[in-house]
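Before any comments, here is the structure.
The values are calculated or read from the model by the stated rules, or taken from the named source; none is laboratory data. As the structure is a prediction and not an experimental result, all values here were calculated from the model. Heads up, the Cβs are rebuilt from the backbone with ideal geometry, glycines too, and the neighbour counts pull from every protein chain shown. Please note that ligands, DNA and RNA were not included when accessible areas were found on the heavy atoms of the full protein model with its side chains. Shrake-Rupley method; radii C 1.70, N 1.55, O 1.52, S 1.80 Å.
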Amino acid sequence: MSTVIRNIAIIAHVDHGKTTLVDAMLKQSGTFRANEAVADRVMDSNDLERERGITILAKNTAIFYHDLKINIVDTPGHADFGGEVERALKMVDAVMLLVDASEGPLPQTRYVLSKALEAKLPVILTVNKIDRPDARPQEVLNEVYDLFIDLDASEEQLEFPVLYTNGKLGIATTDLAVPGTDLQPLFETIVKTVPPAKGDANGAMQILVTNLDYSDYLGRLAIARVFNGTLRSGEEVYISKLDGKLEKTKITKLFSFSGLKRTDIEVTELGDIVAIAGVTGITIGETITGIDNPAPLPPIVIDEPTIAMQ
Ligand code: GDP
């Protein structure tokens, strides 16, 4: 059975509450139980975050909501991650900008947002922590409009939907005068705003590697988005290298994401974000493509960071 897939990236300043909100989304959609998350999250976090002992969002999380699969991709909180921003944005068709209702938009997320606007991605604004005694949601909304204008957002981009959330309680509302009861307004906004992943499942295979992961058993894993075609576990494919050479390899295992975990799959769904094993030597920006009809995508150019860490 094929699933309808929506891919969204989340942009938030550290501590504005993205982990808490995504946890609440997972719980309310029934994708995950309360304590399941921690170990996976720690595994997916980088060393610095592990040392500091803070919980962070997994790089890829998938939420099942009715007949939809919503892949949520984390974006780095700082511009000094360079090309990681572009790569994360390649995986998605919209972004959710999450802003603390008291602190407002902070400079560290400006770079990521500017890249999302450049990429013409629709934005959903979530003004979070509206329960804070010092919350000032209307002012924060105006600050976000100012930021969009400063970043040359288009008229269309300025018409972003706005949600007000309390991530801790798992509540969202589109109207501050009407207190919410759950996250349904947020899910509905995602369904309405994030375009369904497009492409042709029967077309020439184009699977773009946007990140790497590692498994003790399977070695290097390519995290990739299925733009076109269908990949099966065990299939022989080409890796189209950054220099344009084609290298043959055999896919040993395939995974998609479910909650914060990877789950085995036999065959990919169009538009999904997957993890692929059997791809030793593959690197970010390369395409996995078919032997019969190779159709590599342009490699992702990895920019040097343009803004120093703040
Ligand atoms: P992240 O760094 O963006 O992933 O932020 P976390 O989800 O880890 O949240 C940072 C802190 O803000 C934690 O102490 C949370 O309990 C708190 N927090 C998250 N959401 C809310 C909220 O809606 N209201 C309030 N008052 N606190 C929140």
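Of note:
- For the stretch 211-301, the set of GluC sites (Glu not before Pro) satisfying both a DSSP loop assignment and a count of at most 14 other C-beta atoms within 10 Å is given as 266.
- Between the helical axis of 184-193 and the longest alpha-carbon principal axis of the chain there is an angle of about 60 degrees.
- 222 nm mean residue ellipticity, helices alone, for the chain (DSSP H n ≥ 4; -39,500 (n - 2.57); rounded to 500): -6500 deg cm²/dmol
- Partner lysines whose Cα lies under 17 Å from the Cα of residue 59, excluding those fewer than 8 positions away in the same chain, are identified as 18, 69, 90, 261.
- Percent carbon-and-sulfur accessible area, the stretch 158-310, ignoring ligands, DNA and RNA, probe 1.4 Å: 52 percent
- For residue 163, the residues 5 or more places off, or on other chains, whose built amide H falls under 5 Å of its own are 125, 126, 127.
- Residues of the stretch 236-271 falling in the label zone of residue 280, defined by backbone nitrogen less than 17 Å from a point 7 Å along Cα to beta-carbon, are 236-239, 247-253.
- Here the gap between residue 174 and residue 66, fully extended at 0.36 nm per residue and compared with their Cα-Cα distance, gives a gain of 36.8 nm.
- Calculated FRET value between residue 149 and residue 181, using beta carbons and R₀ = 35 Å, to 0.05: 0.55
- Bridging of residue 250 to lysines at a Cα separation below 18 Å is possible for 241, once same-chain residues fewer than 8 apart are set aside.
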